[in-house]
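Worksheet for the structure shown next.
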Amino acid sequence: NVIREGLTDIERSINRLQVLVDDLLDASIVDTNMFVIHRRKCDLVALCRNLLDEYTAGDRPSLRFEAPGEPILAEVDEDRIGQVILNLLSNARKYSPKGYPITVTLQRVGFEAIISVRDMGAGISLEDLPHIFDQYYRAPEVKVQTGSQNGLGLGLFISRKLVERHAGRIEVQSEPGKGSVFSIFLPVFVDPATDDLDTSQLAPHTQAVWTIMH
């Protein structure tokens with residue numbers, strides 16, 4: 001048991017180091033032609049569902065899923081958008097007290113899809129909000145609730161760059177003591193061969209909701 005626990009700790013340390021190395025590499029090339037986005041048409045509902053199934057597998061947090069509507073199609077690099085969502089989930093879990101829910105909501109508003117990650121954690125101060133996506137920035141007074149502090153302050157910087165490379169944007173709403181909502185806005189896929197656009201599809205509506213208990 002002692003050996004097994006030791007090997008597990010080593011594996012976790014290696015994984016954390018790999019994340020740091022990957023973040024440094026991404027940050028160094030994200031604004032260059034070396035950083036390639038491989039887009040293809042996909043259903044964002046399925047993308048989020050598969051990602052969250054993996055995130056909550058095994059000993060991970062429990063997951064509840066509701067999907068009332070049709071698929072939302074977008075042309076994205078699934079791995080890179082998945083990277084952004086996982087970073088937001090990791091932050092939400094890190095800064096939320098254990099036992100508090102994290103909610104992921106997928107909406108369509110007009111020609112945009114919005115993926116939101118809401119936590120009920122410590123929140124972000126008004127002074128920190130303008131800098132939250134800056135490179136190497138870490139909010140100085142925000143205390144980690146779950147997990148470790150390991151990080152270089154690159155996750156949100158890289159996430160913003162990745163979403164912008166998809167012609168989208170990422171926004172945050174937060175208040176100290178009341179949690180945070182990070183929202184990814186992405187253009188939806190519109191078939192150019194379609195002559196008649198169903199305007200009812202453009203009305204704001206919630207497509208899917210996931211609740212994670214950690």
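May I ask you to order 85-93, 63-71 by the average number of other C-beta atoms within 10 Å around their residues, highest value first? Please report the intermediate quantities before stating the final value.
Numbers: 85-93: 21.6, 63-71: 13.6.
For the peptides 85-93, 63-71, the packing ranking is 85-93, 63-71.
Here each label is just a point 7 Å from Cα along the line to Cβ, and for R64 and V172 those points are 2.8 nm apart.
Among the listed pairs K41/K178; K41/K161; K41/K98; K98/K178, those whose Cα-Cα separation exceeds 26 Å are K41/K178; K41/K98.
Full extension of the chain between D22 and Q135 gives 39.2 nm of extra length, using 0.36 nm per residue less the Cα-Cα distance. Solvent exposure of H38, expressed as accessible area, is near 130 Å², computed with a probe of 1.4 Å over the protein chains only.
Each of L63, S96, I85 was placed along the dipole of segment 58-99 (beta-carbon charges, centred on the mean Cα), and the one lying farthest toward the positive end is S96.
Net charge near T206, counting Lys/Arg +1 and Asp/Glu -1 over other residues with Cβ under 11 Å of its Cβ? Kindly include the intermediate steps, with their values, before the conclusion.
On the way: positive: R108; negative: E66.
Summing Lys and Arg as +1 and Asp and Glu as -1 gives 0.
So, R0 is 30 Å and r is the distance between the beta-carbons of E54 and E75; what FRET efficiency does that work out to, to 0.05?
Working: r = 22 Å, r/R0 = 0.74.
With R0 = 30 Å, the Cβ-Cβ based efficiency is 0.85.
L202 versus S125, label points 7 Å from Cα toward the beta carbon: distance in nm? Each label point lies 7 Å from its Cα, and together they span 4.4 nm. The stretch between T32 and L86, if pulled fully straight at 0.36 nm per residue, gains 17.1 nm over its current Cα-Cα span. Quick one: with all protein chains in place, what share of the accessible area of segment 42-98 is carbon or sulfur, to the nearest percent (1.4 Å probe)? The C+S portion of the solvent-accessible surface of segment 42-98 is 44 percent.
The values are calculated or read from the model by the stated rules, or taken from the named source; none is laboratory data. Remember, it's a predicted structure, so these values are computed and weren't measured experimentally. Counting neighbours? That spans all protein chains shown, and the Cβs are built from the backbone with ideal geometry, glycine included. To get the accessible areas, we keep the full protein, side chains included, count just its heavy atoms, and leave off ligands, DNA and RNA. Shrake-Rupley method; radii C 1.70, N 1.55, O 1.52, S 1.80 Å.
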